[in-house]
Structure formats: C-alpha cells, structure tokens
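Asker: Here you go, one structure.
The values are calculated or read from the model by the stated rules, or taken from the named source; none is laboratory data. Computed from a predicted model, the values in this text were never measured in an experiment. Counting neighbours? That spans all protein chains shown, and the Cβs are built from the backbone with ideal geometry, glycine included. To get the accessible areas, we keep the full protein, side chains included, count just its heavy atoms, and leave off ligands, DNA and RNA. Shrake-Rupley method; radii C 1.70, N 1.55, O 1.52, S 1.80 Å.
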Amino acid sequence: MKNQLPFLIYMRWTLLIELLCTTFIKRILLALSHYYLKKKMIPISDNLKNTVRKSNQRKNVKNVSLKFREPNRKVIEIIWTEIDNFIVLKREILDKKLNYLEEIKRYCLLKEDVIKHLNRINLISKNLNSRSKILIERSIVLIYLLRAKNPPSDRQIALKAGYSQRADIIKKIKSHLGILEETKTKHIWIEIDNYIAQERENLDKKLKLLEENEKYHFIKQTIMNYLIAETNLVNRNLSLTKKTSIERAIVIIYLLRSKSSLTFNEIMIKSEYKDTKPIRNIANYFRIYAHLEIDHINQTRVCAKCKRMLSFDKFNTYDGKIRSMCNECDNIRDGINRFQKKLLAAIFITLKSEKGMIVEEFLQRVDQGRKFDVDVKCPGCRLDLHFLPSYDFHHPNPAIKTVSWKKLAVKKVEEIITTLDKEQCVFMCGNCHRLKKSTFIMEHLDEILTENIDWKHYNDNARKSLRRSIRKKKIFEDLYNGVCYYCKKPMVDKLAAIDFHHTIEELKEHTWSKDLRDKEDIEWVKKILLKEKQVGACHNCHYMETAIYFNNNKYDILSKYLSSNIIKKLGL
Ligand SMILES: [Zn+2]
Ligand SMILES: [Zn+2]
Ligand SMILES: [Zn+2]
C-alpha cells in the first residue's frame with residue numbers, strides 16, 4: 001500500500017495535465033473558429049446580441065419540425081421568430097442583393113429567399129394553403145421593414161406588405177419580437193417634457209422676440225438638437241416621417257404645457273396635424289386636461305363650437321363619452337340640419353309642380369352637390385323663404401297622409417322626398433295652410449264679419465265656433481287695429497291665421513286657445529291680453545319670432561342648396 005502511493009500521485013498529475021491540455025487546445029480551437037466565423041461567414045451586424053439571444057429560441061424552432069398546411073397561432077409565432085432570425089442574420093447580404101431592385105421586385109425576391117429557408121428547415125410545408133402563404137409572405141416583408149435601420153411608419157409598413165390599412169398584425173409581431181418602439185416614443189415625449197419644464201423661462205423669453213412661425217421652428221430645432229446630443233433616443237439620420245412626428249410632438253407638448261388655454265383644435269393647426277387624435281394621445285399620456293377641452297377634476301369641458309367652458313351636465317353623452325359640442329350647440333346643429341332638409345323638400349315640390357321633375361332626377365342632382373336656381377314661394381300668397389320655418393307641407397288629400405313633418409324630418413333625404421312625392425304634398429306658408437284647414441270659418445266669413453248670423457241654422461258646435469270668431473275679430477280690431485303687429489298686413493279677413501303672441505315670456509299666464517277664446521266677457525279678455533303684453537300677429541310672423549335657430553343661421557341654411565343668384569335675390 002505504502003509503495004503504491006507515489007504512483008497514484010503520479011497518475012493524478014498526468015490526468016490533471018492531460019485535462020488542462022485538452023481545455024487549452026479546445027479554447028484555441030474555439031477562438032480560431034470564432035475568428036473564422038466572424039471574418040468569413042457571419043456578417044457583423046448591430047444586432048449581433050439579438051442574434052445570440054434568438055439562437056436560443058432557434059432550438060425550439062427545430063423541435064417543431066412539422067409540415068403544417070395551415071399553421072396555428074403558436075406555430076405562426078415560431079415562424080415569425082425564424083423569419084426574424086434569418087433576416088437579422090443575413091441583413092447585410094440581403095440588403096446588398098435587394099437594394100438595387102425596384103421595390104416590388106425587392107419584396108418578391110426577399111419572400112422567395114425566406115420561404116426557401118423555411119421550407120429547408122421543415123418549418124412550413126411546400127403545399128401551404130394560399131391564405132397561410134400570403135400571411136407568411138406578408139409577415140416576411142413586415143419583419144424586414146420593422147428591422148430596418150430607419151423603419152418607416154407602421155402605416156407605411158402595412159401598405160408595403162400589402163395590407164390596405166394599418167394592420168393589427170404589426171403590433172402582434174412587434175410585441176412577439178420585442179420591438180419596443182411604442183415605449184421609445186413615450187420616452188422621447190418624457191424627455192421633451194422634462195426639457196421644456198426646465199427651460200420654460202428661457203424658451204419663453206427667446207420666443208417673445210420671434211414671429212409665430214419662427215417660434216415653432218426655433219423650439220423644434222433647439223429641442224431636437226438636445227435630443228440628439230444629450231439622449232440616445234434620437235439618432236442623427238432619422239427618416240423624414242420620424243423627424244416630423246418628433247418635431248410635432250415638441251410643438252404639442254410645448255403648447256399643452258403653456259398657460260394660454262388653447263383647444264385641441266388650435267394645437268392641431270399649430271402642430272400641422274389634420275386630426276386632434278395625436279394631441280389627445282399626448283395630453284392623455286401627461287394627463288393634461290385643466291385648461292383644455294376636458295377637465296375631469298372640475299367636471300367641465302370647453303364646447304368645440306361655442307368655446308364656453310361648461311359643466312359635464314350641459315353635454316350629451318354618446319357611447320359613454322361626453323360629446324364635444326354642448327347641448328345647445330348640438331341642438332342648433334340639429335336645427336340647421338332639419339331646416340336644410342325642409343329647404344330641399346321645398347325645392348323639390350316647387351320643381352315638381354313647375355317643371356314636372358321626378359324624384360330620381362332630383363336626388364341625382366342633390367348627390368352631385370348641385371345648387372338649385374329655384375325661387376321658392378308660397379303658392380297662396382307668394383311669401384318667400386325668409387319664412388321657411390313657418391311653412392307647412394299641406395296634404396290636399398288627407399286620406400293618404402302617413403306621417404307628420406316632425407317625424408319625417410329626422411329621416412334620410414331620399415325617404416323624405418319620396419314620401420312627400422307619394423303623398424302629393426304642397427309646400428305652403430303657415431297662414432295659407434291655416435286658412436285652408438279652417439274651412440268652416442272661411443265659408444262663413446261674411447256672416448262673422450258683419451255679425452249677421454241666422455243662429456237657428458247651426459248646431460251647438462257650429463254656434464260655439466262662430467261666437468269665438470266674432471269675439472276674436474272684435475278684440476283684434478279693438479286692440480291691434482286689425483293688422484298683424486309685425487308685418488302690418490290687414491288680417492281681419494284671415495281670422496284663422498291670427499295668433500296672440502306673448503312678447504315677454506315671463507308674463508305668460510293665460511293663452512288664447514286654452515283660457516281666453518271661450519270667455520264671454522270681452523273686456524276682461526282684453527285686459528288680460530294687455531297686462532301680459534300679448535300682441536295679435538299673423539301665424540307666419542308669430543312663428544318667426546320664435547325661430548331663433550333659423551334667424552341666426554339663415555345664410556348657412558339657405559345657401560346649402562340655393563344658387564348664389566337666388567341668395568342674392570333674397571338679400572342675403
Ligand atoms: Zn356650445
Ligand atoms: Zn301663403
Ligand atoms: Zn304678420
């Protein structure tokens with residue numbers, strides 16, 4: 001045992017030396033092979049680290065060597081990874097090969113190369129169904145462009161890959177491949193915001209001396225230079241789209257953080273966007289609402305139309321969101337809309353009766369956006385369109401009337417015109433319409449005006465109606481000289497078209513039709529009318545007194561469908 005000991009020690013030594021030698025040789029060999037690979041085979045790319053990380057995933061890829069005719073979601077993701085591996089690894093070779101080609105041919109060749117590779121490693125079947133093939137081909141182009149040094153915008157990428165719009169799939173691929181562009185954009189916003197917060201005073205001082213458009217140019221340049229020099233977020237040779245979007249973000253953040261209360265719309269114009277969405281995105285990100293449209297803390301919003309700051313309850317909601325226009329402005333817009341439809345209906349009825357125009361031809365003209373050279377007037381009294389609100393659609397044959405104007409007005413133009421055509425409507429002013437409808441009074445007008453009535457001819461209802469009319473005539477003559485308070489036209493022979501209008505709404509206590517017309521004591525009725533400052537007016541004038549939406553937007557309403565010639569004639 002004792003003699004064997006040195007031998008054993010010796011054996012251990014040799015083993016140790018042998019082990020050391022082999023590791024050493026292995027190391028040299030490895031280093032050599034690395035050197036060789038780096039030099040000859042694998043292009044050194046910026047994404048080498050990425051490639052190494054990806055090569056781990058690659059093992060998984062090899063394990064799924066199945067030939068799918070229609071790869072499912074899981075396999076598609078593995079395919080994306082492999083496309084990404086291939087593209088990142090071969091980027092330089094691919095670029096050299098593709099760059100001199102036309103864009104369409106470039107992507108064809110790229111697809112061919114990558115598909116060949118995917119076939120070779122048995123990841124996709126040679127007889128893929130066509131839908132899957134297109135999907136995979138598109139994702140090849142998507143990944144190729146996403147991994148470019150200066151990738152175009154997502155929308156551009158989607159278009160180039162053959163999608164008709166910004167595709168959801170880009171997001172999925174980005175998140176799967178860990179391309180974190182979104183967060184990068186937000187980091188840039190934060191940088192901009194920090195810079196502006198720190199330099200606000202200096203910036204404002206300098207900007208005071210500049211013209212409006214020079215101002216934005218100055219901030220853009222100053223902050224852009226800062227981002228390039230001081231952060232590693234922005235690279236000097238940015239694509240033009242990227243550069244513009246960062247510059248716009250600079251202007252938006254500067255304006256959002258300024259003390260002036262600009263609306264999203266105003267910021268949109270100054271930042272040269274065509275939509276307020278990008279501004280909303282940034283404002284939401286920084287939770288800047290206070291002086292803007294929506295203030296969630298104080299529950300107020302600035303109306304996009306009238307620009308007043310109003311509490312949330314003054315706005316309607318739509319889909320759970322507060323509408324951008326206040327209720328009042330919303331109503332005005334609805335009112336304008338309704339009057340424009342009424343105008344169109346009036347034009348149609350006039351053209352139909354004067355020129356025999358048919359519905360189809362008329363609607364075609366409306367579709368073409370043509371304006372009409374038609375002088376619309378009431379067929380009874382020749383009243384013009386200044387009185388549009390007081391006009392009615394008269395049904396000469398009441399039996400075929402199906403719907404009131406109020407209900408019809410909310411329908412589509414096509415349905416409105418077709419219905420009015422079918423029901424043979426006549427466009428008529430309120431006065432004339434009233435007279436048309438009050439046949440009994442009009443037939444006995446002479447008897448009423450002369451108060452010479454043979455009472456025994458009539459039943460109780462008729463007597464009641466005649467008595468009312470006589471009283472109305474007397475009161476109207478006594479108090480208002482028998483003329484309309486507004487248009488001064490004599491109205492005694494048009495009794496049915498007379499209304500009593502409260503000139504001061506607050507004094508309103510009695511109304512003619514409910515409280516006054518059946519009172520025998522004329523003197524008492526007159527006292528009430530005077531006390532409540534009621535005036536006798538024709539229906540048309542009365543209606544116009546209350547048509548505030550129309551009066552305030554007359555030009556907008558009428559000029560939508562009437563030629564400039566007619567608008568001039570109307571003195572607008
Ligand atoms: Zn408003
Ligand atoms: Zn009329
Ligand atoms: Zn009048």
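Asker: Tabulate in residue order the Karplus-calculated ³J(HN,Hα) for the range 473-483, using 6.51 cos²θ - 1.76 cosθ + 1.60 with θ = phi - 60°, rounded to whole Hz; enter x for Gly and Pro.
Answerer: Result, ordered by residue: 4, 4, 4, 5, 6, 5, 8, 10, 6, x, 10 Hz.
Asker: Here is a follow-up. If one computes P(r) from the Cα atoms of the range 77-193, what percent of pairs lie at distances over 17 Å?
Answerer: Cα-Cα pairs of the range 77-193 separated by over 17 Å account for 57 percent.
Asker: More than 18 angstrom separation, counting every C-alpha pair in the range 229-355; what % is that?
Answerer: 65
Asker: Give me the three principal axis extents of the range 455-507 from the C-alpha atoms, as integers in angstrom, largest value leading.
Answerer: 40, 26, 17
Asker: Rank-order 388-397, 536-545, 325-334 by packing density, defined as the average count of other C-beta atoms within 10 Å over each peptide's residues, highest first.
Answerer: Per-residue mean Cβ counts within 10 Å order the peptides as 536-545, 388-397, 325-334.
Asker: Mind putting together the pair-distance distribution for the range 428-572? All Cα pairs, 5 Å bins, whole percent per bin, short to long.
Answerer: Each 5 Å bin holds this share of Cα pairs: 2, 9, 16, 19, 18, 13, 9, 7, 5, 3, 1, 0.
Asker: Could I ask something else about it? Can you give the charge dipole size of the range 182-292 about its Cα centre, rounded to the nearest 20 debye, using +1 on the beta carbon of Lys and Arg and -1 on the beta carbon of Asp and Glu?
Answerer: I would put it at about 180 debye.
Asker: Another one. Would you pull out the residues with amide H under 5 Å of Ser563's amide H, same chain only if 5 or more places away, H placed 1.01 Å from N?
Answerer: Placed amide hydrogens put Phe372, Asp373, Val374 under 5 Å from Ser563.
Asker: Same structure, new question: First compute the accessible area of the range 370-438 with a 1.4 Å probe, then give the percent of it belonging to carbon and sulfur atoms.
Answerer: Of all accessible area on the range 370-438, carbon and sulfur atoms account for 51 percent.
Asker: Set Lys and Arg Cβ to +1 and Asp and Glu Cβ to -1, take the dipole of the range 182-292 about its Cα centre, and tell me which of Ser271, Ile219, Asn281 lies farthest positive.
Answerer: It is Asn281.
Asker: Which one, Ser404, Leu570, Leu351, is farthest towards the positive end of the dipole of the range 328-572 when Lys and Arg carry +1 and Asp and Glu -1 on their Cβ?
Answerer: Toward the positive end, the furthest listed residue is Leu351.
Asker: Further question: Out of residues 5 or more away from Ile294 or on other chains, whose amide H comes under 5 Å of its own, with H placed 1.01 Å from N in the peptide plane?
Answerer: Amide H neighbours of Ile294: Val302.
Asker: If you count the DSSP beta bridges with both ends in the range 328-572, what percent of them are antiparallel, to the nearest 5?
Answerer: 90
Asker: Looking at the range 310-450, I'd like the Rg to Rh ratio, where Rg is from alpha-carbon atoms and Rh is Kirkwood's inverse mean 1/r.
Answerer: 1.08
Asker: For the range 182-292, what value does the Rg/Rh ratio take when both radii are computed over Cα atoms and Rh is the Kirkwood radius, given to two decimals?
Answerer: Radius of gyration over Kirkwood radius for the range 182-292 works out to 0.93.
Asker: Rule-of-thumb check for the range 508-561: C-alpha Rg over 2.2 N^0.38 Å?
Answerer: Cα Rg divided by the expected 2.2 N^0.38 Å: 1.63.
Asker: Can you give the charge dipole size of the range 210-349 about its Cα centre, rounded to the nearest 20 debye, using +1 on the beta carbon of Lys and Arg and -1 on the beta carbon of Asp and Glu?
Answerer: With Lys and Arg at +1 and Asp and Glu at -1, about 280 debye.
Asker: By what distance, in whole Å, do the Cα atoms of the range 328-572 stretch along each of the three principal axes, largest value first?
Answerer: Taking max minus min along each principal axis of the Cα atoms, the range 328-572 gives 60, 41, 30 Å.
Asker: Sorting check: for 487-493, 467-473, 403-409, which peptide has the highest mean count of neighbouring beta carbons within 10 Å, and how do the rest follow?
Answerer: Going by the mean number of other Cβ atoms within 10 Å, highest first, we get 467-473, 487-493, 403-409.
Asker: Kindly write out, for the range 215-229 in residue order, the coupling ³J(HN,Hα) from the Karplus curve 6.51 cos²θ - 1.76 cosθ + 1.60 (θ = phi - 60°), rounded to whole Hz, with x marking Gly and Pro.
Answerer: 3, 5, 4, 5, 5, 3, 5, 4, 6, 4, 4, 4, 4, 6, 7
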